[in-house]
Amino acid sequence: MKSLAGAAMKRLAYETLGWLLVVAGIAAMVLPGPGLLMLFAGLAVLSRQYAWARRFVEPVRLRALRGAAEGVETWPRIVLSTLGSLSIGAVGIVFLINPPAPHWWPLEASFWLLGGEWTGITLIGSCVIALAVLGYSYKHFHGHPAARHQLDEDIQHTGEMNKVA
């Protein structure tokens, strides 16, 4: 009886984690953060329980890799991606420091830096993840046109497979 309850709790924990990652990934597509990476992670967790999630894991993974590869195609993109990541981290540090609202702030001081410490922590976490993805992408894709070409072929093949299924 205990093992059945334990299995149910484990399943609930995986489903909760998977759905949280999916929702966070969707939100991070418009907010600062690694949206496709979190969406992929959420689908990977959910794919343990659901066949529909299994169908989406590989296409999302490949598109996340394509986005990562495109981010390191040229030096201006690398520099802008790095600066963007560091900017997100800098804003996170401001949230952690929590300075008082400046005199030019037009709203009530309580609306200054909404979210507080946890917003700062998540922004710094996003910065670290973005820099790690940038490093991975640089190592695997920058100056490796064959790797990018293989990735494009894999994406095309996955699209054709989804049409058949």
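The values are calculated or read from the model by the stated rules, or taken from the named source; none is laboratory data. Predicted model only: the values in this text are computed from it and were never measured. Cβ sites come from the backbone with ideal geometry, for glycine too, and all protein chains shown count toward neighbours. For accessibility, only protein heavy atoms count, side chains too; no ligands or nucleic acids. Shrake-Rupley method; radii C 1.70, N 1.55, O 1.52, S 1.80 Å.
Any chance you could count how many residues in region 45-87 are touching a residue at least 12 places away in the same chain (Cβ under 8 Å), of a type outside the set (Phe, Trp, Tyr) and over 12 Å from Leu134 (Cβ atoms)?
Counting residues in region 45-87 that are touching a residue at least 12 places away in the same chain (Cβ under 8 Å), of a type outside the set (Phe, Trp, Tyr) and over 12 Å from Leu134 (Cβ atoms) gives 17.
Can you find, within region 1-10, the residue that is farthest from Tyr50 (Cα to Cα) among those that are open to solvent by 100 Å² or more (accessible area, probe 1.4 Å) and in a helix (DSSP H, G or I)?
Within region 1-10, the subset open to solvent by 100 Å² or more (accessible area, probe 1.4 Å) is 1-2, 4, 9-10.
Remaining after also requiring in a helix (DSSP H, G or I): 2, 4, 9-10.
Details: Lys2: 24, Leu4: 19, Met9: 17, Lys10: 15 Å.
Among those that are open to solvent by 100 Å² or more (accessible area, probe 1.4 Å) and in a helix (DSSP H, G or I), it is Lys2.
Regarding Val60, is this residue closer than 29 Å to Arg148 by Cα and in contact with a Leu (Cβ under 7 Å, 6 or more places away or on another chain)? Give the derivation first.
Working: closer than 29 Å to Arg148 by Cα: yes; in contact with a Leu (Cβ under 7 Å, 6 or more places away or on another chain): yes.
Spelling it out, Val60 is indeed closer than 29 Å to Arg148 by Cα and in contact with a Leu (Cβ under 7 Å, 6 or more places away or on another chain).
Just to be sure before I move on: is Gly42 at pLDDT 90 or above, buried (at least 17 other Cβ atoms within 10 Å of the Cβ) and within 12 Å of the chain's Cα centre (by Cα) in the structure I sent? Explain how you work it out, then say what you get.
Numbers: at pLDDT 90 or above: yes; buried (at least 17 other Cβ atoms within 10 Å of the Cβ): yes; within 12 Å of the chain's Cα centre (by Cα): yes.
Criteria met by Gly42.
For region 18-25, check the following and say yes or no: at least one residue is within 30 Å of Asp152 (Cβ to Cβ), at pLDDT 90 or above and either open to solvent by 40 Å² or more (accessible area, probe 1.4 Å) or not in a helix (DSSP H, G or I) (or both). Don't jump to the end; show me each part of the working.
Looking only at region 18-25, we keep the residues that are within 30 Å of Asp152 (Cβ to Cβ), and these are 18, 21-25.
The next check asks that each one be at pLDDT 90 or above; those that pass are 18, 21-23.
From the residues that got through so far, the ones that are either open to solvent by 40 Å² or more (accessible area, probe 1.4 Å) or not in a helix (DSSP H, G or I) (or both) too are 21, 23.
Yes, there is a match, as at least one residue in region 18-25 is within 30 Å of Asp152 (Cβ to Cβ), at pLDDT 90 or above and either open to solvent by 40 Å² or more (accessible area, probe 1.4 Å) or not in a helix (DSSP H, G or I) (or both).
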Qualifying residue in region 77-88 (condition: part of a helix (DSSP H, G or I) and touching a Lys or Arg at 6+ places or on another chain (Cβ under 7 Å))
no
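Before we move on, is Val91 exposed (fewer than 14 other Cβ atoms within 10 Å of the Cβ), farther than 20 Å from Thr158 by Cα and aliphatic (A, V, I, L, M)? Steps first, please.
Values: exposed (fewer than 14 other Cβ atoms within 10 Å of the Cβ): no; farther than 20 Å from Thr158 by Cα: yes; aliphatic (A, V, I, L, M): yes.
For Val91, the condition - exposed (fewer than 14 other Cβ atoms within 10 Å of the Cβ), farther than 20 Å from Thr158 by Cα and aliphatic (A, V, I, L, M) - is not met.
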